[in-house]
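So the structure is just underneath, and the comments pick up after that.
The values are calculated or read from the model by the stated rules, or taken from the named source; none is laboratory data. This structure is a prediction, so every number in the text was calculated from the model and none was measured. Cβ atoms come from the backbone with ideal geometry, glycine included; neighbour counts cover every protein chain shown.
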Amino acid sequence: MLNCDLHVHTIKSRCGYCSHLEMMNQAAEIGLQAIAITDHGSCSGGYISQALFRIPECYRGVRIFKGVEVNINEKIEDIGLPKKYLNEFDLVLAGYHYKLSGEESAERNSEHLIKFFDKHPYIDIITHSSIKTFPLVFSAVVPELVKRGVVFEINNKNLKSGKTNTDNLNRMIDLVLENNGLFAFNSDAHTIWELGDDSGIMGFLNSNKRIPENSIMNLNLSGVEEFVKSRKELKFFYKS
């Protein structure tokens, strides 16, 4: 089980099936140290309001981080969230959810992704980057994102559902380690029963390779808090 699960969806994402309180209570029941509520931004069908930041920082012994998962949009300027709240977010996640128009290729996806992260340098974590539907050229993407301090997610839900290209995931892991980058192991939970689950991640790693503990950003609460603190200045700077 994960100690800190930093990719969690609620009914505010529309694809989630549980409320914030249900997720928070489940986190306490199963003994998680922390969760990040990361509902989708408006470009992916979610709804973010100022009320998110009125949730307590700690609930029943669980640290509650406030986050968002935005879509890597075709229109690079569009981040899909109210930037007036940007400095209040602890974590900003981003991933592909909709295909780009026109010709599809890993090269085009990669070039567009790098431009998107250049435009929005306060993005902290790239989600499900090894998903089969959005191939990437990791030799191009990984060094650029590591330089920007972006953490690479290994997504439990996609591994369990067969949505991950495991060859690409192996390639991504090797390159992140070579470039001294960081990983986040996340459930991508949409229900209370998925929260904290790392069985897909552990099954994959046990069959493939080992990732050193010092390369896992969310191994424990202190690591997450240190990372969030180190990224806060960017969010203040780009708030509008």
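In the set Val141, Val228, Val224, which member is assigned to a helix (DSSP H, G or I), more than 24 Å from Ala36 (Cα to Cα) and hydrophobic (A, V, I, L, M, F, W, C)? Quick ask: steps written out before the conclusion?
Values: Val228 fails: more than 24 Å from Ala36 (Cα to Cα); Val224 fails: more than 24 Å from Ala36 (Cα to Cα).
Every option except Val141 fails the conditions.
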Q. Quick check: anything in the range 44-60 of a type in the set (Lys, Arg), over 17 Å from Leu221 (Cα atoms) and surrounded by fewer than 14 Cβ atoms within 10 Å (Cβ to Cβ)?
A. yes
Q. Of the residues that sit in the range 80-109 and are part of a helix (DSSP H, G or I) and of a type outside the set (Lys, Arg), which one is nearest to Asn168 (Cα to Cα)?
A. Ala106
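Out of the residues in the range 197-211 meeting the condition of being under 19 Å from Leu175 (Cβ atoms) and out of contact with any helix residue (DSSP H, G or I) (no Cβ under 8 Å at 6 or more places or on another chain), tell me which one is surrounded by the most Cβ atoms within 10 Å (Cβ to Cβ). Walk me through it before giving the result.
First pass over the range 197-211, keeping only residues under 19 Å from Leu175 (Cβ atoms): 201, 204-205, 208-211.
The next check asks that each one be out of contact with any helix residue (DSSP H, G or I) (no Cβ under 8 Å at 6 or more places or on another chain); those that pass are 205, 210.
Details: Leu205: 17, Arg210: 10.
Here the residue is Leu205.
Of these, Asn165, Asn220, Asn155, which one is modelled with pLDDT of 95 or more, surrounded by 14 or more Cβ atoms within 10 Å (Cβ to Cβ), closer than 24 Å to Phe116 by Cα and more than 15 Å from the chain's Cα centre (by Cα)?
Details: Asn220 fails: closer than 24 Å to Phe116 by Cα; Asn155 fails: more than 15 Å from the chain's Cα centre (by Cα).
Going through Asn165, Asn220, Asn155 in turn, just one is modelled with pLDDT of 95 or more, surrounded by 14 or more Cβ atoms within 10 Å (Cβ to Cβ), closer than 24 Å to Phe116 by Cα and more than 15 Å from the chain's Cα centre (by Cα): Asn165.
Please work out if Ile64 is surrounded by 15 or more Cβ atoms within 10 Å (Cβ to Cβ), touching a strand residue (DSSP E or B) at 6+ places or on another chain (Cβ under 9 Å) and assigned to a loop (DSSP other than H, G, I, E, B). It would help to see each step written out before you state the result.
Working: surrounded by 15 or more Cβ atoms within 10 Å (Cβ to Cβ): yes; touching a strand residue (DSSP E or B) at 6+ places or on another chain (Cβ under 9 Å): yes; assigned to a loop (DSSP other than H, G, I, E, B): no.
Taking the combined requirement at face value, the residue does not satisfy it.
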Q. Restricting the range 1-26 to residues that are over 18 Å from Ala94 (Cα atoms) and either part of a helix (DSSP H, G or I) or touching a Pro at 6+ places or on another chain (Cβ under 8 Å) (or both), which is modelled with the lowest pLDDT?
A. Ile11
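Would you mind stating whether Asn158 is in contact with a strand residue (DSSP E or B) (Cβ under 6 Å, 6 or more places away or on another chain) and either under 23 Å from His40 (Cβ atoms) or assigned to a helix (DSSP H, G or I) (or both)?
Details: in contact with a strand residue (DSSP E or B) (Cβ under 6 Å, 6 or more places away or on another chain): yes; either under 23 Å from His40 (Cβ atoms) or assigned to a helix (DSSP H, G or I) (or both): yes.
For Asn158, the condition - in contact with a strand residue (DSSP E or B) (Cβ under 6 Å, 6 or more places away or on another chain) and either under 23 Å from His40 (Cβ atoms) or assigned to a helix (DSSP H, G or I) (or both) - is met.
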